[in-house]
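See below for the structure under consideration.
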Amino acid sequence: MRTIGGLMLVMLAGQAQGQWYETTGQATIRNGDQAAARAQATEDAVKRALLFAGVSIRSVQQVTDGLLTQESTQVKSFGEIQQVQLVTERAHNGVFEVTIRADIFQTEPACPTLSYKKKLLITPFKLKLPEQAVVGELFELGKVSSKLFSDKLSEISQSSWPQQLNNPINGQNLSYQERQAVQQQYGARYILSATLDDVSLGETSGTNWQFWSNADRERFFHIDVALFDLVDERMVFQQKYQTSAIWSVRKSTALDPQYQRFWRTDYGKAAERILDAAVMDVEEAIRCEPLLADVKQVRQNQVLLSIGSAHGVKVGDSFTLIHRRELTDNFGNAQELLTLTPLVVQVTQLSHETAWAQSINNELLANIQAGDLASVAAQAETEENDSVFPEAQQ
């Protein structure tokens, strides 16, 4: 598997129209191919700079100006790369390291929740047709792919905090009470699942005359990734990815995806590239999603919130309080109704996953109770007319 090292980020003084970011990317050198490792490390460094700058990115397959030799980066209309410079590059202990400096200009302000991490549950990926995994004994491919996905997202993400689950959960199939239970147990609003739709073998590719081998065949890697919001019961992101590569391994040979040997094959490399693309898309999808925290305790003019330093919260951050009510229709179906209040609290104490916040005018929070919610103050103001707060429109 490609190893991505730690990030070094330096914000440098730039011209009025832009901001300089310096980042370092790393990639493992496979089979002595330093050119490929250099391209991957450079691509990683540029994407990291863009993510830290709050610029939305999409990977596109084309050759560019020599700085990126395998992928260029397409920037959406609210952000732009003015200039990218190669600072240093080196190969050391089987790893290629590239440091770049990018002048990134934002034409629109970043979303208010960009600096906060939303906790994201990642379930084990499933094989749609397990019998397709017989050749190569790839039965653990889904589970290993989800772990690799989680690790990659942890490395690059500024907007999500992934947590790997041991058992599969389909957020769309959960009842209201089950969704609430998952939120309370894990303190997470979002859940990501994926299905490997096709890992089958295709037609023979070329002719292999070696008596100890089977003919090379094409093998597919099709994956359907879905990101679900447990609070609003909506699909935040869903995308299908498809690729294929030559499978040149004998039918009787087992290639356990838990080991490096699998990921060093052409098929393993192709699968990893798909996971890289999906990680970037998920990060992009969740970066401006709302951040909601549960009110765990109320003490006169203070509340204990279910978010802390791990989410990127800092002392002095402001949150608007939201009433939470459960309504039941004539058929016994429960529905959640959120009502925006004028009450604003400011964080005074922090722990890893919780924060104490006090009303900014020392006003008593008599109408607030455990189970209510808190939202980033600026976010709540801009979303007053959104369906998340239906009663705020009245």
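The values are calculated or read from the model by the stated rules, or taken from the named source; none is laboratory data. What you see is a predicted model, and the numbers here were worked out from it, not measured in a lab. For neighbour counting, all protein chains shown are included, and Cβ atoms are generated from backbone atoms with ideal geometry for every residue, glycine included. Heavy atoms of the whole protein, side chains included, go into the accessibility calculation; ligands, DNA and RNA do not. Shrake-Rupley method; radii C 1.70, N 1.55, O 1.52, S 1.80 Å.
Quick look at the numbers
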{"quantity": "Segment 288-342 and segment 130-182: distance between their alpha carbon centers, rounded to Å", "calculated": "26"}
{"quantity": "Peptide ranges 280-289, 293-302 listed from the most packed, as the mean C-beta count within 10 angstrom indicates", "calculated": "280-289, 293-302"}
{"quantity": "Mean separation of Cα contacts under 8 Å (6+ apart) over length of segment 211-301, as relative contact order %", "calculated": "25"}
{"quantity": "Whether segment 268-371 is rounded, prolate or oblate, judged on the alpha carbon gyration tensor where a/c under 1.5 counts as rounded", "calculated": "oblate"}
{"quantity": "Accessible surface of segment 262-343 [probe 1.4 Å, protein heavy atoms]: carbon and sulfur percent", "calculated": "46"}
{"quantity": "Within-12-Å neighbourhood charge of Val345 [Cβ basis; K, R +1; D, E -1]", "calculated": "-2"}
{"quantity": "Label-point separation, Glu233 to Gln164 (7 Å along Cα→Cβ), nm", "calculated": "3.2"}
{"quantity": "Under 28 Å from Lys47, Cα to Cα: lysines that are on another chain or at least 8 residues apart", "calculated": "Lys76, Lys117, Lys118, Lys119, Lys143, Lys147, Lys152, Lys240, Lys269, Lys314"}
{"quantity": "Length gained when the stretch Asn362-Phe331 is fully extended (0.36 nm per residue, less Cα-Cα span)", "calculated": "6.9 nm"}
{"quantity": "Accessible area expressed per residue, segment 141-191, with surrounding protein chains retained (probe 1.4 Å, Å²)", "calculated": "44"}
{"quantity": "Stretchable slack from Val95 to Leu201, in nm (0.36 nm times residue separation minus alpha-carbon distance)", "calculated": "34.9 nm"}
